[in-house]
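Engineer: To start, I am sharing the structure in question, which I have written as structure tokens.
The values are calculated or read from the model by the stated rules, or taken from the named source; none is laboratory data. Fair warning: this is a prediction, and the values are worked out from it, not measured in the lab. Virtual Cβ from ideal backbone geometry, glycine too; neighbours counted across all protein chains shown. SASA here: full protein model, heavy atoms, side chains in, ligands and nucleic acids out. Shrake-Rupley method; radii C 1.70, N 1.55, O 1.52, S 1.80 Å.
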Amino acid sequence: MDDKKTFNPENRDYELRLSKMSPFEIKNELIKLAQDDARESTATFLNAGRGNPNWIATTPREAFFLLGQFGIQECRRVSDNPIGIAGIPSVKECGDRFRKFLAENKDKNGAELLEQTYDYLLNKHNFDPDLLAHEFAEAVIGDQYPVPDRILRSTEAIVQDYLREAMGGAPDNKEVYDLFATEGGTAGMCYAFDSIQENFLVNKGDKMALMVPAFTPYIEIPQLDRFSFDVVNINANKVQHDGYHTWQYPPEEIEKLRDPSIKMLCIINPSNPPSYTLAPEVREQLIDIVSKDNPNLMIVTDDVYGTFVKDFHSLMYDLPYNTMCVYSFSKYFGATGWRLAVCAIRQNNVFDDMIEKLPEDKKAALRKRYGSLSLDPDKIKFIDRMVADSRLVALNHTAGLSTPQQMQMTLMASFCLHDDGSYKRTMMNTIKDRLEALWSTTGFTLLVDPLRAGYYSEIDIMIWAKKFYGDDFAKYMQDNYVPLDFVIRLANETAVVLLNGDGFDGPAWSVRASLANLNESDYLKIGTAIRKLLDEYHTRYLARKE
């Protein structure tokens, strides 16, 4: 595959074979093409194919590294061998020593957030000062297995409050959610699918629903042989009278969920790739369906992009009994390398109740599976079963996200709880400015929509082919080119990498651009390249008619 001739955009057979792959695997081939073009021309290689942000949140990281100094200090207090060996932190009077450390370092970057976090947990959640300071010291040093294995107590307390604020829970909401800290949202997703099947909640061949377009793993995982779920797509195919996509779900699509044989619903909210949050009327329809026709519907909502939407509201607060929320810190904080996420399930939930209603033979199988963990395995909560399943049960005693990761998560959550809104406004404006730059040079129309997150942009090339050049030209493109041809040619001729939208179960001729990982000026160039390529297709169309 190193020979550039292999990537010839005119090679229809190659394009058809390539289109069967995941868009994230296709991306690797497109990168090769784009890099070759950049080397052989004056073009700049621009990769907008993956959503890794090009920013980081500095304050919680500065607080983390400052806390690391306290942790080392606490270890050396106990014993300090000059060859580089120290003891482990001691609980006794640890709170006093932490206060002294904060006072001595009050002018250091991150010190204010450390103090705010410590005081918040003491005052709002009534932690013991010594135990809390000791948990901080041990967490940042990473000298112990995580205890509790599901999530550290201080991390759970502060992340619960952060989720309530970030995911649209009312300030006076008293619902208690159990959290499971995981190695990023992808791990949470894998653990959810695994435990839902292991506990006979959705069995091989059962129906599940998927709101599409969707992040490709949600499309690909149910198709794996071990799951083989019967997937019902709920399509965001609503369009306005003038043909523009709203990327919302028409009522007739949502109505599919009234079928009680659909046991599970997976949703990315805001969506990926369109990047729109659910409209209020869609949420209301979902509430009506669950209350009247499908009360045991299990919902898994992936809300990683919710923090980019003003007044975002998660289904975890609309349908708390039915919903598991997977939330990742990766995008908002520029922390994909940290692998930080939580799965959140309300303490009274459909997952536990459905396990309790299982037939006796299945309950017996689960007692055998989890019997090594408890004298009464029937009472193990579903979220704790997820923790055990993440280590094939037998290694449950070593389960859990590393304590330094959980400490960084604590500080990120605290940072937002103590922010005056400046960080959120900056993140939203950064994305908005890049999105507008991208569309401004395409000549396409970007409609104002308060439900748009804008972390990605899905552009349906066929819509614009028809609007600019008419239905006959659009038919010419469909008859003579594979949809993947557009992103291949874009990489091959302009050194720009976008992903193919049909790989996300979106419109066949759509493309996905990430607005997170390049600068605003780069998106001006990408928009120009998209429009130029569409015009070149039209030039070929005119030449064939002559």
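Engineer: With a ≥ b ≥ c the root eigenvalues of the C-alpha gyration tensor of the stretch 311-353, is it rounded (a/c under 1.5), prolate (a/b larger than b/c) or oblate? Don't skip to the answer; put the middle values down first.
Structural biologist: On the way: a/c = 4.93, a/b = 1.88, b/c = 2.62.
Cα axes put the stretch 311-353 in the oblate bin.
Engineer: Quick one: P(r) of the chain from all Cα-Cα pairs, 20 Å bins, percents rounded to integers, in order of increasing distance.
Structural biologist: 20, 49, 28, 4, 0
Engineer: From Cα pairs below 8 angstrom and at least 6 apart in sequence, can you work out the relative contact order of the chain, rounded to a whole percent? If you can, show how the numbers build up before the last one.
Structural biologist: Values: 946 pairs, mean separation 124.6, N = 546.
Dividing the mean separation by the residue count of the chain yields 23 percent.
Engineer: What lysines sit close enough to Lys475 to cross-link, taking a C-alpha to C-alpha distance under 21 Å and skipping anything fewer than 8 places away on the same chain?
Structural biologist: Hits, sequence-local ones excluded: Lys466, Lys467, Lys532, Lys545.
Engineer: Helix 184-198 against the longest principal axis of the chain: what's the angle in degrees, Cα atoms only, rounded to the nearest 10?
Structural biologist: Taking the Cα atoms of the chain, the angle to 184-198 is about 80 degrees.
Engineer: Tell me the accessible surface of Lys466 in square angstrom (1.4 angstrom probe, heavy atoms of protein chains only), to the nearest ten.
Structural biologist: 100
Engineer: How many percent of DSSP beta bridges within the chain run antiparallel, rounded to 5?
Structural biologist: Working: 22 of 43 bridges.
Taking every DSSP beta bridge within the chain, about 50 percent pair in antiparallel fashion.
Engineer: Sticking with this one: Provide the FRET efficiency to the nearest 0.05 for the Asn233-Ser440 pair, computing r from the beta carbons and using R0 = 30 Å. Display every interim value, and only then the final one.
Structural biologist: Values: r = 33 Å, r/R0 = 1.10.
So, using R0 = 30 Å, E works out to roughly 0.35.
Engineer: Could you give me the ³J(HN,Hα) list for the stretch 326-338, computed from phi with Karplus coefficients 6.51, -1.76, 1.60 and θ = phi - 60°, whole Hz, x at Gly and Pro?
Structural biologist: Karplus values, whole Hz, x for Gly and Pro: 9, 10, 10, 8, 5, 8, 5, 9, x, 9, 4, x, 6.
Engineer: Classify the stretch 220-357: rounded, prolate or oblate, from the alpha-carbon gyration tensor (a ≥ b ≥ c, eigenvalue square roots; a/c under 1.5 rounded; otherwise prolate if a/b is larger than b/c)?
Structural biologist: It is rounded, given that a/c, with a ≥ b ≥ c, falls under 1.5.
Engineer: Thr426 versus Met21, label points 7 Å from Cα toward the beta carbon: distance in nm?
Structural biologist: 3.8
Engineer: Here are some pairs, Lys263/Lys357; Lys238/Lys525; Lys204/Lys292; Lys432/Lys525; which of them have Cα atoms lying more than 18 Å apart in this structure? Don't jump to the answer; show the numbers that get you there.
Structural biologist: Working: Lys263/Lys357 14 Å; Lys238/Lys525 30 Å; Lys204/Lys292 26 Å; Lys432/Lys525 16 Å.
From Lys263/Lys357; Lys238/Lys525; Lys204/Lys292; Lys432/Lys525, over 18 Å: Lys238/Lys525; Lys204/Lys292.
Engineer: Going by amide H atoms built from the backbone, whose H comes under 5 Å of the H on Val231, apart from near neighbours?
Structural biologist: The answer is Met208.
Engineer: Enumerate the amide H contacts of Leu515 below 5 Å, restricted to partners 5 or more residues apart or on another chain; note that Pro and chain-start residues carry no placed amide H.
Structural biologist: Under 5 Å from the amide H of Leu515: Tyr456, Ser457.
Engineer: Using the Karplus equation 6.51 cos²θ - 1.76 cosθ + 1.60 (θ = phi - 60°), what ³J(HN,Hα) coupling, rounded to whole Hz, does each residue of the stretch 51-58 give in order, writing x for Gly and Pro?
Structural biologist: For the stretch 51-58, the Karplus-derived couplings read x, 7, x, 9, 9, 9, 7, 7 Hz, x marking Gly and Pro.
Engineer: Additional query: Take peptides 328-334, 73-79 and line them up by average Cβ neighbours within 10 Å, highest first, as a rough protection proxy.
Structural biologist: Details: 328-334: 23.3, 73-79: 15.6.
Highest to lowest by the protection proxy: 328-334, 73-79.
Engineer: Among 48-54, 376-382, what's the highest-first ranking by average C-beta atoms within 10 angstrom per residue?
Structural biologist: Packing proxy ranking, top to bottom: 48-54, 376-382.
Engineer: Please compute one quarter of the surface area of the Cα convex hull for the stretch 125-255 and express it in square nanometres. Don't skip to the answer; put the middle values down first.
Structural biologist: Details: hull surface 49.4 nm².
Averaging across all directions leaves 12.3 nm² for the Cα convex hull.
Engineer: Determine the calculated [θ] at 222 nm for the chain from helices alone, applying -39500 (n - 2.57) to every DSSP H run no shorter than 4 residues and normalising by the residue count; nearest 500 deg cm²/dmol. Display every interim value, and only then the final one.
Structural biologist: Numbers: 21 runs with 255 residues, N = 546.
Value at 222 nm, helices only, nearest 500: -14500 deg cm²/dmol.
Engineer: Still on this structure, I have one more. Report the equivalent ellipsoid semi-axes for the stretch 366-502 in whole Å, largest first, defined as the square roots of five times the eigenvalues of the gyration tensor built from alpha carbon atoms.
Structural biologist: Numbers: eigenvalues 456, 131, 41 Å².
Semi-axes, largest first: 48, 26, 14 Å.
Engineer: Then there's this: Could you bin all the Cα-Cα distances of the stretch 444-505 into 10 Å bins starting at 0 and give me the percent of pairs in each, rounded to whole numbers?
Structural biologist: Going from the shortest bin to the longest, the percentages are 18, 44, 33, 5.
Engineer: What is the distance, in nm, between label points placed 7 Å from the Cα along the Cα-to-Cβ direction at Arg76 and at Leu395?
Structural biologist: 3.5
Engineer: While we're looking at this one, here's another question. Using θ = phi - 60° and the Karplus form 6.51 cos²θ - 1.76 cosθ + 1.60, what ³J(HN,Hα) does each residue of the stretch 82-96 get, whole Hz, x for Gly and Pro?
Structural biologist: Along the stretch 82-96, the couplings run x, 7, x, 10, 10, x, 10, x, 10, 6, 4, 6, 5, x, 5 Hz.
Engineer: Using only the Cα atoms of the stretch 178-242, what do you get for the radius of gyration and for Dmax, in Å?
Structural biologist: Using the Cα atoms of the stretch 178-242, the pair Rg, Dmax is 14.2, 47 Å.
Engineer: Follow-up. Under 5 Å between amide H atoms, partner at least 5 residues away or on a different chain: which partners does Ala279 have, H built in plane at 1.01 Å?
Structural biologist: Result for Ala279 returns Tyr249.
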